[in-house]
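The values are calculated or read from the model by the stated rules, or taken from the named source; none is laboratory data. Note that the coordinates shown come from a computational prediction; the quantities given were computed from them, not determined experimentally. Using ideal geometry, Cβ is built from the backbone for each residue, glycine included, and neighbour counts are taken over all protein chains shown.
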Amino acid sequence: MSTLEYTIYGIKKSWRISRTFVFSGAFAALIANGVFASVSASIHVRVIAGIMFFLWVVVFGTKAKSRFFDTALAENARDRVKLELGLMLVLATHAGIQMVGGLNSPYYPALLILLAFLVVYTKQWVGLALMGAAIGR
């Protein structure tokens, strides 16, 4: 294998591993900018929120399929997929809570319940990373 082929293979593999984290970062940036808080403000914001949630469903469905139906995953790859799925659940919950009132919303404890389940049923490092992502706002 030549150097060029090795480099292209490495780039493709890196993109396959990091694409969910890139999407999660873009989704988190929209949450941090308050896009979902002003959903009722205009039709443009509703369209953007709808497109982002549609993309979220596609990415989440793809990852969930690989998590539950791909038996050939190694243990560390399975943990990474659990981290990606948990991160996407935390982001969707944050966006939903932001749409119904933010921190003053009566639905805010749903995030805490989700985090409790994720921390209990994943490995310790995955749970700590998800807690850091949820608190990091």
_Conditions (1) surrounded by 18 or more Cβ atoms within 10 Å (Cβ to Cβ); (2) more than 20 Å from residue 25 (Cβ to Cβ); (3) of a type outside the set (Phe, Trp, Tyr): number failed by residue 109_ = (1)
*In the range 20-44, how many are surrounded by 12 or more Cβ atoms within 10 Å (Cβ to Cβ) and either touching a residue at least 40 places away in the same chain (Cβ under 8 Å) or among the aromatic types (Phe, Trp, Tyr) (or both)?*
12
*The one condition in (1) part of a loop (DSSP other than H, G, I, E, B); (2) within 23 Å of residue 115 (Cα to Cα); (3) not polar (S, T, N, Q) that residue 72 fails to fulfil*: (2)
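Would you tally the residues in the range 37-67 being part of a helix (DSSP H, G or I), over 20 Å from residue 122 (Cα atoms) and polar (S, T, N, Q)? Outline the logic, then answer.
First pass over the range 37-67, keeping only residues part of a helix (DSSP H, G or I): 37-38, 43-67.
Adding the requirement that they be over 20 Å from residue 122 (Cα atoms) leaves 37-38, 43-59.
So of that shortlist, the ones also polar (S, T, N, Q) come out as 38.
Counting residues in the range 37-67 that are part of a helix (DSSP H, G or I), over 20 Å from residue 122 (Cα atoms) and polar (S, T, N, Q) gives 1.
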*asked:* Anything in the range 25-57 that is within 24 Å of residue 135 (Cβ to Cβ) and of a type outside the set (A, V, I, L, M)? List them, or say none.
replied: 25, 27, 33, 34, 36, 38, 53, 56
*Quick check: anything in the range 23-34 assigned to a helix (DSSP H, G or I), modelled with pLDDT of 80 or more, closer than 23 Å to residue 85 by Cα and touching a Ser or Thr at 6+ places or on another chain (Cβ under 9 Å)?*
no
*Pairs under 8 Å by beta carbon, first residue within 10 Å of residue 82 (Cα to Cα) in the range 58-70, partner of a type in the set (S, T, N, Q) and surrounded by 16 or more Cβ atoms within 10 Å (Cβ to Cβ), six or more apart or different chains?*
63/20
*Got at least one residue in the range 82-101 being assigned to a helix (DSSP H, G or I) and modelled with pLDDT under 85?*
no
